[in-house]
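Structure first, commentary second.
The numbers here are math on the coordinates, done by the rules we state, and not lab data. Predicted, not measured: the structure shown is a model, and the values here were computed from it. Positions of Cβ are backbone-derived with ideal geometry, glycine not excepted, and every protein chain shown enters the neighbour counts.
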């Protein structure tokens, strides 16, 4: 037998053996953090796990609209009117009235010339970035960009250069280093609020640097649309530069309490991308109920100052409470509060302990996190009350005072 | 800066790898960056930014995707600094 045959793996899954070991370790410690099962979702802030009620603080339900009566009614009426599914893509099966209406309402809200809606938030960045960047263009991407931005760059034949996170000077340096782009353009991709640490981009400075170099600025406001700005358009609006943004993307699955996404542009020529973007053209369009729930939620966002005010209050309450306890928090107060833990095993153990004690947050570990950090990530909702935050704070306080119990529990589970 | 040699580039990579190699795996030319040294994919890109700044070159992400070992990385940097 020759060497090639001798070295053939026994199974197509063998390459995942190291990952399987990591999962096995996680399962020894407790639950599968990437496959958690809820028995029930009761409201925007409550669910059930193992038959017990649990406080939800890791669902990105920033405005708490998933159980809003008007949004639920809009979704139900859409099913009655147009059925349960679209059974195909917009290029093959055509657009429904509600797709067009949502694009118009979002474009108006953002003050943009063009807006395209997509079936998921992930597909939005995948489609728009891969559609915008061509052979001769160069993408400059923030180092902490979300996986859908990275995957969007992988679908292009453009070069992609990473710049240091939230650092306009570093972008400036890399744009200078690149020099003139022959027959192409620079596309700079940033996010408004970053999903893991909850830190905010200096968008105004990025606008300045990008446009000084003649580039186009693309901002993903998935975690900030609805949450920031006087009318909820996001961080760019909050910093007074929304009209300078070339492309702005977002998702329906966070503040808009549905599933889907959008990309809007101040350039009306963006419309041509409908004939180019493969993740738009070759997938089924969003269902009438998803679109109509998002349509209603956009109206709630526009008038949502009270929701945003409460969300801000709750963020400050939690951030200051955790800081006083001495927890290492990754950024200033925002609806995402990430608590840095010593390592993956400790974070996993603590995440399980929190669930057993009535609180659901996210366990976030490398490589999905910046700086190879292991995090207990909390996302807050406008539906959280002051009392809910006190429950969270009590849980984190108890977590701190029960470290000894935690360590012995972990040792016994790991040695089983 | 005069053109760096392969050895100088290798030494620089070893220096920049230190914070990502807490288990102190021995670093050789044929060490797999992610496989042998257990550096995660995000940390590899952070390491590359350090190399870009030190040698004042652009190392696009698509180039890095094809690189598996320390030796392959030093060859890529060598070519970009020629």
Taking only C-alpha pairs under 8 Å that are 6+ residues apart, what is the relative contact order of chain A in percent?
-> 22 percent
Check: C-alpha center the range A:70-120 vs C-alpha center the range A:164-200, spacing in Å is 32 Å
Cα centroid separation, the range B:1-62 to the range A:283-310 (Å) = 45 Å
Length-normalised contact order for the range B:6-81 - Cα pairs under 8 Å, 6+ apart - percent = 41 percent
Whole-Å distance, taken between Cα centres, linking the range A:252-278 and the range A:367-394 = 29 Å
Give the order of A:199, A:220 when sorted by the count of other beta carbons within 10 angstrom, beginning with the fewest.
-> A:199, A:220
For the range A:2-122, max minus min Cα coordinate along each principal axis, in Å, sorted largest first?
-> 62, 46, 31
Pick from B:42, B:57, B:70: which is most flexible by mean-square fluctuation in a GNM of chain B where alpha carbon atoms under 10 Å apart are linked?
-> B:42
Run the quick spin-label model on residue A:385 and residue B:14: label points 7 Å from Cα toward the beta carbon, then report their separation in nm to one decimal.
-> 6.3 nm
In whole angstrom, how long is each semi-axis of the equivalent ellipsoid of the range B:6-81, when you take the square root of 5 times every eigenvalue of its Cα gyration tensor and sort them from largest down?
-> 17, 13, 12
Rank the residues A:373, A:381 as a footprinting-exposure proxy: fewest other Cβ atoms within 10 Å of their Cβ go first.
-> A:373, A:381
Note the full-extension length gain between residue A:93 and residue A:22 as 0.36 nm times their separation in residues minus their Cα-Cα distance, in nm to one decimal.
-> 21.2 nm
Have a look at the DSSP beta bridges in the protein assembly as shown and tell me what percent are antiparallel, nearest 5.
-> 60 percent
Could you work out the relative contact order of the range A:64-192, using alpha carbon pairs under 8 angstrom and six or more residues apart, expressed as a whole percent?
-> 21 percent
Given the options A:13, A:270, A:282, state which has the largest fluctuation in a GNM of chain A using a 10 Å cut-off (strictly under) for Cα springs.
-> A:13
17 Å tail of the calculated P(r), the range A:243-308, as % of Cα pairs = 54 percent
Taking N as the number of residues in the range A:68-302, what value does Rg over Cα atoms divided by 2.2 N^0.38 Å take?
-> 0.98
Rule-of-thumb check for the range A:133-198: C-alpha Rg over 2.2 N^0.38 Å?
-> 1.10
For the protein assembly as shown, Rg(Cα) over 2.2 N^0.38 Å is 1.02
Pair residue A:268, residue A:204: separation of 7 Å Cα→Cβ label points (nm) = 3.1 nm
Across bins of 10 angstrom width beginning at 0, how are the C-alpha pair distances of the range A:320-416 distributed, in whole percent?
-> 15, 50, 30, 5, 0
Where does each of A:393, A:106 land when they are ranked from fewest to most other beta-carbon atoms within 10 angstrom?
-> A:393, A:106
Inter-site label distance for residue A:407 and residue A:37 at 7 Å from Cα along Cβ, in nm = 3.4 nm
